[in-house]
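Some notes on the structure that comes next.
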Amino acid sequence: MDKTSQALEQIEIRIAYLERANSELSDVVYRQKQEIDLLRSRLEALGARLDAAQDEESPYTLEEERPPHY
């Protein structure tokens with residue numbers, strides 16, 4: 001093999017490595033995006049539940065009061 005074909009082979013090997021690495025990183029980013037979307041939806045649901053719980057404050061009644069010895 002002459003130097004030109006060796007250099008070309010090295011370049012092809014590097015390109016193949018970079019393509020594989022790029023594909024793996026793309027998969028990781030995709031999975032992270034899915035996880036972030038799921039966490040955002042859960043956070044929104046929890047926020048809505050918290051808001052609903054705060055809005056539903058019932059009036060305090062004497063029946064709910066604990067006796068002083070508790």
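The values are calculated or read from the model by the stated rules, or taken from the named source; none is laboratory data. The model shown is predicted, which means the values in this text are computed figures rather than measured ones. Because the Cβ atoms are built from the backbone with ideal geometry, glycine has one as well, and the counts that use them run over all protein chains shown.
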Listed by first then second residue, the pairs whose first member lies in the stretch 1-25 and is surrounded by 10 or more Cβ atoms within 10 Å (Cβ to Cβ), whose partner is of a type outside the set (S, T, N, Q), with beta carbons under 9 Å and at least 6 positions apart or on separate chains, are Glu9/Met1
Report task. State whether one or more residues within the stretch 37-53 are surrounded by fewer than 10 Cβ atoms within 10 Å (Cβ to Cβ), at pLDDT below 95 and not hydrophobic (A, V, I, L, M, F, W, C). Result -> no
